[in-house]
Every structure is written in C-alpha cells, then in structure tokens.
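The values are calculated or read from the model by the stated rules, or taken from the named source; none is laboratory data. Keep in mind that what you see is a predicted model, and the values were worked out from it rather than measured. Here Cβ is always computed from backbone atoms with ideal geometry, including for glycine, and neighbour counts include all displayed protein chains. Note: accessible area is taken over every heavy atom of the protein model, side chains too, but ligands, DNA and RNA are not part of it. Shrake-Rupley method; radii C 1.70, N 1.55, O 1.52, S 1.80 Å.
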Amino acid sequence: WLVSAGAIFGIAAHFSNVVKDMEPDRAAGILGAPQLLGTRISLSITAGSLMTISIILNSVTHNLLLVPIAAIAILLLFLLPKKFGFPLIMLLAIVDVSVLVTAMR
C-alpha cells in the first residue's frame with residue numbers, strides 16, 4: 001500500500017504541475033499524457049488520485065479526517081485558478097505524510 005500511495009502521489013503531482021503550463025507546453029511541441037488529455041481530464045485524474053490516496057491511508061491509519069480533507073482539496077482544485085493546483089497537491093501530500101508518520105510511531 002505504501003508504494004502504491006507514493007506512485008499515485010507522483011501521478012497527481014505530475015498532472016497538477018502540467019496543468020498550469022498546458023498551453024505553452026503544447027506550443028513548444030511537448031505532448032505528454034496531460035497535454036494530450038487536456039486540462040479538465042488532467043484535473044480529474046489528479047482529483048481521482050488524491051481521493052484514492054486518502055482512501056488508502058484512511059484504511060491503514062483509520063484517520064477519518066483524511067477523506068473530508070481530500071474532498072475539500074479536490075473541490076478547491078477545480079474552483080481555484082490553475083496556478084494553485086501544484087501547491088494544493090503538495091499541501092495535501094504534507095497532510096497525508098504527517099498522518100502516515102504519526103500513525104507508524
């Protein structure tokens with residue numbers, strides 16, 4: 001579960017980081033998965049990844065706040081300007097890692 005959560009975080013971070021630079025990347029000829037899928041689908045993949053991570057960590061740590069925190073982060077991901085996507089993902093990552101570290105003590 002730990003490796004899976006880390007890999008899913010990588011996916012969420014990548015897709016959210018690319019969203020803010022989507023148009024310049026396309027103009028430069030960079031055509032990775034996020035650029036090919038577009039902004040809305042990239043944000044949806046990020047949101048799904050965040051919720052999956054929170055569900056995984058909730059099942060391991062039994063911290064009931066993780067899923068509501070992820071739901072709020074996902075809502076903000078769609079409501080805030082694109083430039084806030086990557087910092088929001090990193091903030092949620094800090095929350096999740098903090099919960100993980102405290103649960104493993």
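Round to a whole number: what % of the accessible area of the chain belongs to carbon and sulfur, probe 1.4 Å?
Values: 4300 of 5900 Å².
So the carbon and sulfur contribution to the accessible surface is 73 percent.
Only one of the values (1) 15, 51, 30, 4; (2) 16, 47, 26, 9, 1; (3) 13, 42, 35, 9, 0 was calculated from this structure for P(r) over Cα pairs in 10 Å bins from 0, in percent; name its label.
Computing P(r) over Cα pairs in 10 Å bins from 0, in percent and matching it to (1) 15, 51, 30, 4; (2) 16, 47, 26, 9, 1; (3) 13, 42, 35, 9, 0 gives (2).
By how many nm would the segment from Leu2 to Leu91 lengthen if fully extended, with 0.36 nm per residue of separation less the alpha-carbon distance?
30.2 nm is the gain from fully extending Leu2 to Leu91.
Accessible area per residue for segment 1-70 in Å², computed with a 1.4 Å probe and the full protein assembly in place, what is it?
Using a 1.4 Å probe on heavy atoms only, each residue of segment 1-70 averages 51 Å².
Just order 52-63, 7-18, 26-37 by mean Cβ neighbour count inside 10 Å, highest at the front, would you?
Top to bottom by mean Cβ count within 10 Å: 7-18, 52-63, 26-37.
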